[in-house]
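The values are calculated or read from the model by the stated rules, or taken from the named source; none is laboratory data. Predicted model only: the values in this text are computed from it and were never measured. Cβ sites come from the backbone with ideal geometry, for glycine too, and all protein chains shown count toward neighbours. Each accessible area value is taken on the protein alone, full model and side chains, heavy atoms only, with ligands, DNA and RNA left out. Shrake-Rupley method; radii C 1.70, N 1.55, O 1.52, S 1.80 Å.
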Amino acid sequence: MRPAYLIEAEKLRANPEQWAALQSEGSVVILAGPGSGKTQTISVKFAKLLHEEVKSPRGIAGLTYNNESARELKRRLSTLGIEESKRTFVGTIHGFCLQHLLLPFSELAGMPMPNPVEVANGTKISELVERAMAERGSYENPRDVRPRIERYRRSHVDRTLPSWKETDQETAELCETYENLLVGEGLIDFDEMVLRGFRLLKENEWIRRIILAKFPIFIIDEYQDLGTPLHEMVLLLMESGVRIIAVGDPDQSIYDFTGAKPELLTELSEKPRIETIRLRLNYRNGRRIVSTSLTVLDEERQFEPVRADEGTITIVHVPEGFERQARVVCEEIIPALTSGENPRSAGEIAILYNDYHDAAVVTRAVRQAGFKYVGGDKQIRYENTPLTRWVEDCAKWCSGGWYKAQPRISWILDFWLAFNRESVGLADLREIRHKLVQLLWANRDPDMLLKDWLDKLNEFGIPELAKKIRARSNEAESYQHLYEAACDPERLGGINIAAFGGLRGASDHLNLLTLHSAKGLEYDSVIIMGLEQGKLPSFNAVTEYAKREQRRRFYVGLTRARYEVFLLYSGWYENAYGRRFQNGPSEYIEEVRRSLA
């Protein structure tokens, strides 16, 4: 039988750009617009390289923007016969730096690490920022200072350059004070992982040679979102002979607040001896959605829709305000979408909004209307972390996945064993594996209440273990939030594990998301709410750079839809303090209206 990756590779032959990306031999930048099939392209490319070019024991490192993207790439690779092993790394840049740079080389390179590694959680970081402000005599709002410190650290990687102090001396000194406090507490944060990783590579040529020997190829997804630290590391690795396959789309860069810089992908594509390939075909969106989104983006792009259908865009004016918009969505738009000649399932409908203030209003309306949903107000739900996603997988396996091999028990066991390696010896891992299989096998009941099922996991010791995992600082808290939600009748109380295991992607659950969170996803129908001038684009977006990102955010929202888009506005809005702004509809509404005329 032919390997699975070769079968999938043949399917790419019909697309000239995808085929060129698959056959490329050196470092390459793949510019991939919405719906261009880039995840399938890079997963087949990963499998092809691992089978045909990279000889054991060497391997390939796959870097992604977040854990969710890593999860999806791992799933795609698994279907191609590529399972996790010592030859592969698929994860975030933070995970790579910790696992493959900091832990093995820090001591040898004279850069001591806290032992054991303990990552500061959000509460601790805020506390240290306030202490740093007090030491520096700053009287600003800590909520404004913390994002500024985070962005400055991510933007200024090389502290030896004059720009570190010259750009903003006050912020640079605040950063240094905060970092000293972090070290004094024996802690590290996620930004520090990447900053230390960069320093190890920059200052130690022998570490770069080791990385080259282990991972001669790096495949990097969503490059435009990963910021300056990764870019500087990539340049160092390329100089050492590492082959880089960078995939992304500057048009979908919407994380400026985290330090993302879309121009870095363009800069990389212009380096000598780097091939650039643009995936032009759009397999997702209807033709009208493609043309309208490009009008809003206001960039010259040669994207070609593959699908024959037009798709629809409907503008809905709701003069009574945002709360009424939410009721219109629940009482009129969703019932119309889920009935009629071509009904959509709730799981193929996404409601997108601006921020957590909007999330609370939308979640309340959806609950009052009696719809099941995923996402929404985080105060009602629970944090999406590797541990809580693993618990969801366990529930899915116990409620029927065990005989469908979906999710695979090997995935569940591998995650749990990796989780335990941080706190127990190797001799105990076999017993832990055995006990987990026993636990899951004994609780294969799809009708079992989520709370009762979680009680079994609690007896197994998950909460206690999560508290010991210092390198995953928010896991214990996120699991506790999940358990509290399962105990609360107003949240997840009363649902069984079959419902819980199928929450994400379930056909009967609406998807409630911020525009930022929707990136990388796709649905049949997308409803975008709160399109008021001052909210989107934000009144804070005063520079041309900021205005371009706001435009890209709306573009990302539009291009999540395969068939239908609904755009809702009132022409006014109230902020969190009750102040009303009557700025009229978003300028994007007017641009869409002209495009549809």
- Can you send over the carbon and sulfur percentage of the accessible area for segment 344-388, probe radius 1.4 Å, protein chains only? 48
- Can you give the accessible area per residue of segment 78-158, in Å², using a 1.4 Å probe? 52
- In vacuo Debye scattering of segment 1-75, one point per C-alpha: log10 I(q)/I(0) at q = 0.21 Å⁻¹? -1.09
- Task: Only helices at least 24 Å long along their axis, Cα-based, and averaging 0.0 or more on Kyte-Doolittle count here, so list those DSSP H runs from the chain.
- Result: 426-442
- Message: Test of understanding: express the Cα radius of gyration of the chain as a ratio to 2.2 N^0.38 Å, with N the residue count.
- Response: 0.98
- Towards the positive end of the charge dipole of segment 31-179, with charges on Cβ (+1 Lys, Arg; -1 Asp, Glu), say which of Gly37, Gly95, Ala134 has the farthest Cα. Gly37
- Where the centroid of each part is defined by its Cα atoms, how far is segment 192-234 from segment 60-116 in Å? 11
- Of the accessible area of segment 242-343, computed with a 1.4 Å probe and all protein chains kept, carbon and sulfur make up a percent value of 47
- Task: Quantify, in whole percent, the carbon and sulfur part of the accessible surface of segment 78-117 (1.4 Å probe; protein heavy atoms only).
- Result: 56
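Based on the alpha-carbon gyration tensor of segment 44-122 and its eigenvalue square roots a ≥ b ≥ c, which shape applies: rounded if a/c is under 1.5, prolate if not and a/b is larger than b/c, or oblate?
Oblate, because a/c is 1.5 or more while a/b does not exceed b/c.
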- Each residue of segment 525-535 in turn: what ³J(HN,Hα) in whole Hz from Karplus with 6.51, -1.76, 1.60 and θ = phi - 60°, glycine and Pro shown as x? 10, 10, 10, 10, 10, x, 8, 10, 5, x, 9
- Item | Only Lys, Arg (+1) and Asp, Glu (-1) charged, at Cβ; the chain dipole about Cα centre in debye | 1500
- Task: Report, to two decimal places, the Cα Rg of segment 222-350 normalised by 2.2 N^0.38 Å (N = number of residues).
- Result: 1.46
- Item | Peptide ranges 66-79, 23-36 listed from the most packed, as the mean C-beta count within 10 angstrom indicates | 23-36, 66-79
- Result for segment 491-573: accessible area per residue, probe 1.4 angstrom, in square angstrom, of 31
- Message: Once R0 is set to 25 Å, what does the formula 1/(1 + (r/R0)^6) return for the Cβ-Cβ distance between Phe539 and Asn141, expressed as a FRET efficiency to the nearest 0.05?
- Response: 0.90
- Which whole-number value in Å² is the accessible area per residue of segment 171-249, probe 1.4 Å? 30
- Could you give the length gained on full extension between Lys404 and Glu341, defined as 0.36 nm per residue of separation minus the Cα-Cα distance, in nm? 19.4 nm
- Query: In the chain, with Lys and Arg counted as +1 and Asp and Glu as -1 at Cβ, which of these residues, Thr258, Val391, Pro147, has the Cα nearest the positive end of the dipole, that is, farthest along it?
  - Reply: Val391
- In deg cm²/dmol and to the nearest 500, what is the mean residue ellipticity at 222 nm of the chain if only DSSP H runs of at least 4 residues count, each as -39500 (n - 2.57), divided by the residue total? -14000 deg cm²/dmol
- Task: Holding the Cα-Cα limit at 24 Å, pick out from Lys467/Lys519; Lys124/Lys535; Lys38/Lys271; Lys45/Lys86; Lys38/Lys261 the pairs that are longer than that.
- Result: Lys467/Lys519; Lys124/Lys535
- Query: For segment 100-242, with only Lys/Arg (+1) and Asp/Glu (-1) charged at the beta-carbon, what is the dipole magnitude about the Cα centre, in debye rounded to 20?
  - Reply: 320
- Message: Is there a quick way to get the dipole size of segment 497-562? I mean about its Cα centre, with the Cβ of Lys and Arg at +1 and of Asp and Glu at -1; what is the value in debye to the nearest 20?
- Response: 240
- Note on the structure: Ordering 260-269, 522-531 by per-residue average of other C-beta atoms within 10 angstrom, highest first, gives 522-531, 260-269
- Item | Viscosity 1.306 mPa s, temperature 10 °C, Stokes-Einstein D of segment 114-203 from Kirkwood C-alpha radius, µm²/s | 118
- Query: For segment 495-576, with the dipole built from +1 on Lys and Arg beta-carbon atoms and -1 on Asp and Glu ones, taken about the Cα centre, which of Ala546, Ala561, His509 lies farthest toward the positive end?
  - Reply: Ala546
- Segments 138-148, 240-250, 345-355 sorted - mean Cβ within 10 Å per residue, highest first: 345-355, 240-250, 138-148
